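The values are calculated or read from the model by the stated rules, or taken from the named source; none is laboratory data. If you're wondering where the values come from, they're calculated on a predicted model, not measured in any experiment. For neighbour counting, all protein chains shown are included, and Cβ atoms are generated from backbone atoms with ideal geometry for every residue, glycine included.
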Amino acid sequence: MKDAAEIRTGNVLRVNQKFCKVLSQEIRGTGKFGKIVHAKLKNLQDGNMIEKSWRTEDRVDDVELEHVKMQYLYREGSQLIFMNMQTYEQFALPVQAIEKRENFLRENMEIDVEFVEGKPMSVAFPKIVELKVASAAPPVKGGSDSTYKEVELENGLKILVPQFIKEGESIRVDTENLSYLERVTVKSMGEQPRSSS
């Protein structure tokens with residue numbers, strides 16, 4: 001247990017018997033009327049977003065979030081199957097816990113799975129991933145770079161990007177809100193020209 005004033009982004013709290021991750025929090029109000037902690041939370045079991053407020057002196061039930069390196073095996077119905085690479089034990093995680101971010105999973109990839117009290121809750125995706133544009137419509141004539149178009153990425157995900165993005169290019173995507181960040185240039189990927197020797 002901790003005071004609500006001590007809540008930080010990334011903490012996991014037990015709220016109404018559900019495990020919720022703190023996405024953002026702020027303290028509002030004045031000393032005269034009492035300060036209030038406002039938090040945006042994500043229910044780790046079903047992916048739903050909720051907002052909650054506490055007085056700063058209220059006690060909240062915080063729980064330990066454990067990261068375990070696992071291998072993603074396959075999808076079985078509405079369950080994603082992961083294997084602990086140390087013990088070979090398999091765990092199922094409901095697809096709804098990660099929703100569209102399932103597209104970032106590849107069979108046999110190693111990734112951190114977030115556990116609370118011995119149960120898998122979510123997947124700790126990297127904040128940013130680089131993906132190739134599989135299909136993109138040509139830019140709209142006279143369209144500005146501020147108008148966006150939909151493209152399909154190599155993993156099947158469809159997102160909005162600026163008009164200048166072409167098929168075959170790589171882009172950076174925010175895995176939290178599935179949004180376009182920037183186009184990847186060869187220089188930004190740190191590739192050095194190979195010598196012919």
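I'm trying to understand the selection: among the residues of region 43-58, which are loosely packed, with under 12 Cβ neighbours inside 10 Å and farther than 27 Å from N177 by Cα? Across region 43-58, the qualifying residue is only E57.
Among the conditions (1) assigned by TED's automatic domain parsing to the domain that holds E102; (2) touching a residue at least 60 places away in the same chain (Cβ under 8 Å), Y72 misses just one, which is (2).
Against the conditions (1) touching a residue at least 12 places away in the same chain (Cβ under 8 Å); (2) more than 14 Å from M121 (Cα to Cα); (3) out of contact with any helix residue (DSSP H, G or I) (no Cβ under 7 Å at 6 or more places or on another chain), R28 satisfies every one except (1).
Could you tell me whether region 93-102 includes any residue that is outside any strand (DSSP E or B), in contact with a Gly (Cβ under 8 Å, 6 or more places away or on another chain) and among the β-branched types (V, I, T)? The answer is yes; a qualifying residue exists. Looking at this structure, is N177 under 15 Å from N103 (Cα atoms), surrounded by fewer than 12 Cβ atoms within 10 Å (Cβ to Cβ) and of a type outside the set (D, E, K, R)? Spelling it out, N177 is indeed under 15 Å from N103 (Cα atoms), surrounded by fewer than 12 Cβ atoms within 10 Å (Cβ to Cβ) and of a type outside the set (D, E, K, R). Listed conditions (1) at pLDDT below 90; (2) basic (K, R); (3) farther than 25 Å from E76 by Cα; (4) within 19 Å of the chain's Cα centre (by Cα) are all met by K100, apart from (3).
For region 26-42, the set of residues classified as out of contact with any Leu (no Cβ under 6 Å at 6 or more places or on another chain) and surrounded by fewer than 19 Cβ atoms within 10 Å (Cβ to Cβ) consists of E26, I27, R28, G29, T30, G31, K32, F33, G34, K35, I36, H38, listed by residue number.
Scanning region 120-156 for residues that are free of Cβ contacts under 8 Å to residues at least 60 places away in the same chain, surrounded by 12 or more Cβ atoms within 10 Å (Cβ to Cβ) and closer than 30 Å to D62 by Cβ yields a total of 6.
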